[in-house]
């Protein structure tokens, strides 16, 4: 257990941020799942729309430090590539 007052405050801050980050990560995963489902159904228009919703969530999570920058870029890139391949 933390002994100093600053360490106790750091524990409180960490607990708050953990909840926020968990919610952000969950939101991103939900939006990614909706893109995956649209791709699986074969509906390119729905997949584009779902990616349009998911991409800002991913990048916002990257900006807030929930995901690494390259991870966010990789996820968006791979999904875009799969959606583009649906038309071929």
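Listed by first and then second residue, the pairs linking a residue in region 13-26 that is on the phi > 0 side of the Ramachandran plot and in contact (Cβ under 8 Å) with a residue 60 or more places away in the chain to a residue that is surrounded by 10 or more Cβ atoms within 10 Å (Cβ to Cβ) and part of a helix (DSSP H, G or I), with Cβ atoms under 6 Å apart and 6 or more places separating them unless they lie on different chains, form an empty list.
State all residues of region 42-88 that are in contact (Cβ under 8 Å) with a residue 40 or more places away in the chain and over 14 Å from the mean Cα position of the chain (by Cα); if no residue qualifies, say none. Of everything in region 42-88, those that are in contact (Cβ under 8 Å) with a residue 40 or more places away in the chain and over 14 Å from the mean Cα position of the chain (by Cα) turn out to be 42, 44, 82, 83, 86, 87.
Each value in this text was obtained by applying a stated rule to the coordinates, not by laboratory testing. The shown structure was predicted, so the numbers you read here are calculated from the model rather than taken from an experiment. Reconstructed Cβ throughout: ideal geometry from the backbone, glycine too, with neighbour counts over all protein chains shown.
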